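Values in this text are rule-based calculations from the coordinates and carry no lab data. Please read all numbers here as calculations on a predicted model, not as lab measurements. Virtual Cβ from ideal backbone geometry, glycine too; neighbours counted across all protein chains shown.
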Amino acid sequence: MEVQETETFEEIIAGHRELLREQALTDLKKRRDFAAHVFAYVLINLVVWGVWLVIGLSSHSWWPWPVFVTLGWGIGLAFNAWDVYARRPITEDEVQQEMRHLEAH
C-alpha cells in the first residue's frame, strides 16, 4: 500500500495549528475546571468546619471530624492539580512507539 503525498506545506501548517488550538482549548478547560474545583473545596470546607465550630461550642465536643473531609477531598484536589499542571501530554513519538509495540505482538 503506497501512501500518496498530496498535502501541501500550507495544509500541513494549518493542520498543525488546528491541533495546537485543540490542545490549547483542552488545557484552558482543564484549568477552568480546576479553579471551580478549588472554589468548591474551599467553600464546602468552610461550611463543614463552621458546622464543627457550632457543634463544638454547643456541645463542648472538640473532636476534629471535618479533617477527614478536608484531607480526603484534598487528596483528590492534589491529583486534579497534577493532571492540570504537571502531567505532560502524549507525544506523537510515544504514539508511534506504542503502535510499533502493538504491531510486534
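Out of every Cα pair in the range 16-63, what percent are spaced more than 13 Å from each other? Distances greater than 13 Å cover 68 percent of the Cα pairs.
Computed from the C-beta positions of residue 8 and residue 32, the FRET efficiency with R₀ = 30 Å rounds to 0.25. Considering only 86, 50, 97, the residue lying farthest towards the positive end of the dipole of the chain is 50, judged by Cα position with unit charges set on Cβ.
If you run the Gaussian network model on the chain, springs between alpha carbon atoms under 10 Å, then out of 31, 87, 17 the most flexible one is 17. Rounded to the nearest 20, the Cβ-based charge dipole of the range 9-104 about its Cα centre (Lys and Arg +1, Asp and Glu -1) stands at 660 debye.
Evaluating kT/(6 pi eta Rh) at 37 °C and 0.692 mPa s, with the Kirkwood radius of the chain over Cα pairs in the Stokes-Einstein relation, gives 177 µm² s⁻¹. Per-residue extension of 0.36 nm, minus the Cα-Cα distance of residue 23 and residue 92, leaves a gain of 23.5 nm for this segment.
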